[in-house]
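The values are calculated or read from the model by the stated rules, or taken from the named source; none is laboratory data. Not measured: the values here are computed from a predicted model. All Cβ positions, even for glycine, are placed from backbone atoms using ideal geometry, and neighbour counts span all protein chains on display. Heads up: the accessible areas ignore ligands, DNA and RNA and are worked out on the full protein's heavy atoms, side chains in. Shrake-Rupley method; radii C 1.70, N 1.55, O 1.52, S 1.80 Å.
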Amino acid sequence: MSETIDLVIFGALGDLSKRKLFPALYQLDRADLLDDEVRIAGLARGDITTEAFCEQIYQALKRAFGSSAFDESSWQRFSSRLSYIQVDFAQQEQFPAIRKWLLKDRTTIYYLATPPSLFGSICKHLSAAECVASDTRIVLEKPIGHDLQSSQQVNSAVAESFDERNIYRIDHYLGKETVQNLLALRFANRMINSQWDNSCIDHVQITAAETVGIEGRWSYYDKVGQLRDMIQNHVLQLLCMVAMEPPNSLQADEIRAEKVKILRALSPITVANVASQAVRGQYTAGWIAGKPVVGYMEEAGSERDSSNTETFVALKAYIDNWRWAGVPFYLRTGKRMQGKVTEVVITYKDHPHAIFPDGTGEAKNRLIIRLQPNEGIELEMVSKKQSLKERMSLEKRRLNLDFFDSSGESRIADAYERLFLEVIKGDQWLFVSREEIEASWRWCDTLLDAWKQTGIGTMGYSAGSSGPSKADMLIEKDQRSWHGS
C-alpha cells in the first residue's frame with residue numbers, strides 16, 4: 001500500500017483516541033502497513049506542545065499494551081509521524097492552523113472522534129478554511145443522531161462539504177474479523193449457503209452482552225439508552241450481515257445495497273405488538289466477578305430519583321422477505337450482564353422424521369459465530385457415542401474453529417486497525433451508508449414511539465444476571481431458549 005496521507009484526528013486527547021485510535025495506528029506502523037509518508041496530526045483544545053502530546057500518547061500506548069508488549073523502537077518511528085495542533089472546534093478563525101499544517105498534493109483524512117453535534121460545524125469550518133479538496137475523506141464515529149430526524153440533519157450538514165463517496169461512517173463491529181468472515185462463511189461454502197433460509201433455519205439469536213455498567217456516562221447515557229446505543233447500530237448491522245442476499249461483488253455499493261434491503265424489510269414493532277415482541281430492563285445492584293456493584297440509579301452522576309431509560313433490550317423481530325419469512329430473529333443486548341459475550345447463533349430445524357430411539361436424536365444443529373470474548377465459529381452437531389454396549393446412542397459434539405489458535409498469528413488485529421486501512425485505501429465496504437443509518441433509525445423510532453405510547457416501563461434485573469425474567473419468557477413462550485441458558 002502506498003499513498004501519501006495526512007491524517008487529522010479531531011478529539012485526539014479523548015478516551016476513544018487514546019484507547020482505540022492511536023493504539024490501532026501504532027500497531028499498523030509496527031506491522032509496516034503505514035506508508036513512510038503518512039503524517040498524523042492530533043487536534044484538541046488543550047494548550048500543550050507536540051512533545052507533551054506525544055508523551056500522553058506514549059503513556060496511553062503503554063497502558064494499552066503493557067510494558068512487555070510495547071516496543072520502544074517502534075514507538076520512535078511512530079512518534080516521528082505525530083504533530084499536535086491546538087484548535088477550538090467551535091472557533092472558525094482557528095481552522096487556518098490546520099491548512100497551514102497540510103501539504104500540497106496529498107490526500108487528507110479527517111477523523112472526527114467528537115460528539116456528533118460538532119460534525120456539521122467542523123465540516124463547515126474546514127470548508128471555510130479551504131481544507132477540503134475533491135479527494136478529502138472524513139470519518140464519522142457513531143452515533144449519527146439520536147433519531148431519524150437528527151441523523152438526517154447531521155448527514156445533510158456533512159454532505160454540504162463532502163461527497164457521499166468520501167464519507168466513512170464507523171461501526172467498529174464491521175471491522176471485526178468474525179463479521180467479515182460471515183461473508184466467507186455464507187458465500188464461499190455451498191453446503192452452508194444452500195441451507196441459509198426458512199426451509200432449514202428455525203431461528204436466529206444475536207446477543208451483545210457486557211459486564212460493564214455506564215462507566216461514568218450517566219448524564220449522556222440516560223438520554224440515549226441501550227436501544228439507541230447498541231441495537232440501532234451494532235446489532236442491526238450484525239443482523240444485516242446474517243440476513244442479506246449475496247451481493248453481486250465485494251464492492252462497497254453492492255454490499256451496502258443488500259444491507260439496506262434487509263433494514264427496509266424488517267417488520268415494524270408497533271403499539272399493536274410491542275408488548276409481545278419487546279422487553280426493556282434496567283439493572284439493579286448485584287454482583288459482577290464476585291464483587292458488589294451498584295444499580296443504574298445509584299451510579300455516579302445520577303441526576304434524578306427515577307429513570308425509565310433501558311440498559312437492557314430483548315426483541316423478537318421478523319424480516320418480511322422470501323428467504324426469512326416466518327423465522328424469528330431474537331435480539332438481546334444489555335449492560336451489567338453475567339458475562340461479556342457477542343455472538344450470533346443459527347439454530348437449524350429438526351428432521352421431519354426421527355429414526356433414532358426416543359430421546360437420542362433431539363440435539364439441534366447450531367452454528368455459533370463468536371465475536372467476543374474469543375473470535376471464532378462453532379458447529380454443534382450430533383454423532384454416535386463410542387460404545388459397544390449401546391447399539392446407536394447419540395451425543396452432541398462441537399467442531400470449533402478458533403480464529404486465534406488456528407491463525408498462526410500472535411494476536412487478532414483490533415477492528416480499528418482494519419477500518420483505518422480501508423479508509424486509507426479509499427474502500428467503503430466496511431462502513432455504513434447514509435441509507436443504512438436512516439433505515440435503521442426509521443425502524444428504531446417506530447419501536448421507541450410504541451414504548452412511549454403504551455407507557456411500557458423498564459423491568460429490574462440484578463447486575464450479574466442474564467437480564468429480566470420477561471426476556472426469558474419472550475423466547476420460551478415459543479418453546480425455545482437463549483443459547484447458554
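For region 166-220, the alpha-carbon radius of gyration amounts to 1.69 times the rule-of-thumb value 2.2 N^0.38 Å expected for a compact globular protein. Between the residues S80, V154, G464, the greatest Cα displacement towards the positive end of the dipole of the chain, with unit charges on the Cβ of Lys, Arg, Asp and Glu, is found for G464. Candidate cross-link partners of K349 among the lysines, defined by an alpha-carbon separation under 27 Å and a same-chain spacing of 8 or more, comprise K259, K261, K316, K364, K384, K385, K396, K470, K477. The base-10 log of I(q)/I(0) for region 25-184, evaluated at q = 0.12, 0.14, 0.20, 0.21 Å⁻¹, reads -0.65, -0.88, -1.42, -1.45 [Debye formula, identical scatterers on Cα atoms, solvent excluded].
Over all orientations, region 408-482 has a Cα convex hull whose mean projected area works out to 10.0 square nanometres.
A DSSP coil position with no more than 12 other Cβ atoms inside 10 Å describes the following trypsin sites (Lys or Arg not before Pro) in region 50-114: K104.
Evaluated on region 235-302, the Kirkwood hydrodynamic radius is 15.9 Å, with distances taken between all distinct Cα atoms. Summed over qualifying helices (DSSP H, 4 residues or more, each -39500 (n - 2.57)) and divided by its residue number, the chain shows a 222 nm mean residue ellipticity of -9500 deg cm²/dmol.
Here region 71-92 is scanned for amide nitrogen atoms under 17 Å from the site 7 Å beyond the Cα of K124 along Cα-to-Cβ, giving 88-92. Once the cut-off is 18 Å, how many percent of the Cα-Cα pairs in region 36-122 end up in the long-distance tail? Summing the P(r) tail past 18 Å for region 36-122 gives 53 percent.
Of all beta bridges DSSP finds with both residues in the chain, what is the antiparallel percent, to the nearest 5? Given both bridge residues lie in the chain, the antiparallel proportion sits at roughly 55 percent. With all projection directions averaged, the alpha carbon convex hull of the chain covers 26.1 nm².
Summing charges over neighbours of R169, with a neighbour being any other residue whose Cβ is under 13 Å away from its Cβ, gives -1 when K and R count +1 and D and E count -1. Per-residue extension of 0.36 nm, minus the Cα-Cα distance of K477 and S199, leaves a gain of 97.9 nm for this segment. Residues of the chain were split at every exposed loop site, defined as GluC sites (Glu not before Pro) in a DSSP loop with at most 16 other C-beta atoms within 10 angstrom, and the longest piece left, sites excluded, is 38-129. Partner aspartates and glutamates whose Cα lies under 14 Å from the Cα of K100, excluding those fewer than 8 positions away in the same chain, are identified as D6, E130.
Counting only Cβ charges, +1 for Lys and Arg and -1 for Asp and Glu, the dipole size of region 6-80 around its Cα centre is about 420 debye. Remark on region 222-261: Rg and Dmax equal 12.6, 42 Å (Cα only). Length gained on full extension, L250 to D35: 74.9 nm, using 0.36 nm per residue less the C-alpha separation. The distance from the alpha carbon centre of region 426-485 to that of region 241-316 is 3 Å, rounded to a whole number.
The share of Cα pairs per 5 Å bin across region 263-393, counted from zero up to the longest distance, runs 2, 7, 11, 13, 14, 14, 13, 10, 7, 4, 2, 1, 0, 0 percent. Between S393 and A325, the modelled label-to-label distance comes to 4.4 nm, taking each label 7 Å out from Cα in the direction of the beta carbon.
Per the Debye formula on identical point scatterers at the alpha carbon atoms of region 101-200, with no solvent, log10 I(q)/I(0) at q = 0.12, 0.15 Å⁻¹ is -0.56, -0.72.
Computed from the C-beta positions of A159 and A289 and an R0 of 41 Å, the FRET efficiency is 0.35 to the nearest 0.05. Based on Cβ point charges of +1 for Lys and Arg and -1 for Asp and Glu, what charge dipole magnitude is obtained for the chain about its Cα centre, in debye rounded to the nearest 20? Magnitude of the dipole: close to 1140 debye.
Along its principal axes, region 372-459 has C-alpha extents of 61, 47, 23 angstrom, given from the largest down. Accessible area per residue for region 333-474 is 53 Å², calculated with a 1.4 Å probe on protein heavy atoms, without ligands, DNA or RNA. The slack in the chain from D350 to V271, taken as 0.36 nm per residue of separation less the alpha-carbon distance, amounts to 25.1 nm. With both labels modelled 7 Å from their Cα along Cα-to-Cβ, the Q149 to N189 distance reads 4.6 nm. Measuring nothing but protein heavy atoms, the accessible surface of the chain at 1.4 Å probe radius is 48 percent carbon and sulfur.
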